[in-house]
Amino acid sequence: MTAAAFEQITLAVDQGVATLTLYRPDKLNAFTTQMMHEMVAAFDAIDADDAIRAVIVTGSGRAFCAGADISGGAANFRVDASATSAPDYSDPATRDGGGILALRIFQLKKPIIAAINGPAIGIGATMLLPTDLRIASDTARFGFVFARRGIVPEAASSYFLPRLVGISRALRWCYTGAVFGADEALAGGLVEQVVPPADLLPTAQALAREIADNAAPVSVALTRQMLWRGLGMSDPMEAHRIESRGILTRSQSADAHEGVAAFLEKRPARFPDRVSADMPDYFPWWDETPYG
């Protein structure tokens, strides 16, 4: 899918930084299946483009994402409107669309920064969880409102949310379904920074620029997966095994030679290795998911 084919998002690239913007401003960027497919296609394109070093995701207008588009009623929650009372849970058609998106973000090889410009409710909140760094406007509001709609958390948030904010706070936010402001999100660790609206995108862009201009893309891709997947490790020996492979292979890479030379010569590094072609042979090291 090309950028020209996108209808519910926009994708722009400027000097190695991609900005993906949810684009249904008249609907407060309410989430649809089409938006999910477009976002997944955009992330596929971002991973395939070695010129892109970092990603920002934000919303158009006055919201980040007001949640799933439920203008059609409860049927909008159904993955398959023809599903019977005894669904086949192994059928990929039964998968939660928010989860498909969250897992695609989780698998991303580029660092991703969320610039939360307004309300982020339901899937608008849960799609943020697998992003790496979350910066909020002081006008942003958040809500894990699923119990108030008669459903349950989605987008793999039962994995991500407790790891980010702790189990008690995650349960409080999900049990009550209450909508809360940026200050509470900051105090709870859901976001790492709150800024005035005018400073939101410049702050995110400066952070993306710091990564894009100074870090080796292959090292960043490996580091992203090492740290995220490390959250599920049961013993530090698991981390030691992966880190040992990484240190061995990366120390022999052209990037490492360039990084040392640039440091000694007091100049910016020009890392030659590409995410599309130069990932080490042990990547990916984790098991395949049941859905492939």
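Bear in mind these aren't lab numbers, they're just calculated from the coordinates by the rules spelled out. The structure displayed is predicted, hence computed values, not measured ones. In this analysis, Cβ positions are derived from the backbone assuming ideal geometry, glycine residues included, and neighbour counts consider all displayed protein chains.
If one takes the longest principal axis of the Cα atoms in the chain, at what angle in degrees, from 0 to 90 and to the nearest 10, does the Cα axis of helix 254-264 lie?
70
Could you tell me whether region 215-292 comes out rounded, prolate or oblate from its Cα gyration tensor? Rule is a ≥ b ≥ c as square roots of the eigenvalues, rounded for a/c under 1.5, then prolate if a/b exceeds b/c, otherwise oblate.
Here region 215-292 falls in the prolate category.
Just checking my list (i) 0.92; (ii) 1.26; (iii) 1.03 against Cα Rg over 2.2 N^0.38 Å computed from this structure; which label fits?
Here Cα Rg over 2.2 N^0.38 Å agrees with entry (iii).
For a quick check: with amide H placed at 1.01 Å from N, whose amide H comes under 5 Å from Val57's, ignoring anything fewer than 5 positions away on the same chain?
Excluding prolines and chain starts, which carry no amide H, the hits are Leu20, Ile113, Ala114, Ala115.
Restricting attention to region 211-292, which GluC sites (Glu not before Pro) occupy a DSSP loop and are surrounded by at most 15 other Cβ atoms within 10 Å?
Those satisfying the criteria are Glu265, Glu288.
When only Cα pairs under 8 Å and 6 or more residues apart are kept, what is the percent relative contact order across the chain?
Here the relative contact order equals 16 percent.
Counting other beta carbons within 10 Å of each residue's own, what order do Met35, Met237 fall into, fewest first?
Met237, Met35
Give the residue list of trypsin sites (Lys or Arg not before Pro) in region 137-170 that are DSSP loop and have at most 10 other beta-carbon atoms within 10 angstrom.
none
Please list, in chain and number order, the residues 5+ apart from Cys65 or on another chain whose amide H is under 5 Å from its amide H, with Hs placed from the backbone.
Ala120, Ile121
Treating the angle as unsigned and between 0 and 90°, give the value, to the nearest 10°, between the Cα long axis of helix 236-251 and the longest Cα principal axis of the chain.
Result, in degrees: 50.
If I take every Cα pair under 8 Å that is 6 or more residues apart in region 215-292, average their sequence separation and divide by the length, what percent do I get for the relative contact order?
36
Go ahead and estimate [θ] at 222 nm for the chain from helices alone: -39,500 (n - 2.57) per DSSP H run with n ≥ 4, summed, over the residue count, rounded to 500.
-11500 deg cm²/dmol
Roughly how tilted is helix 200-214, in degrees to the nearest 10 and between 0 and 90, from the longest Cα axis of the chain?
Long axis of 200-214 versus the principal axis of the chain: about 30 degrees.
Which of the trypsin sites (Lys or Arg not before Pro) found in region 172-279 are loop residues per DSSP with 14 or fewer other Cβ atoms within 10 Å of their Cβ?
Those satisfying the criteria are Lys266, Arg270, Arg274.
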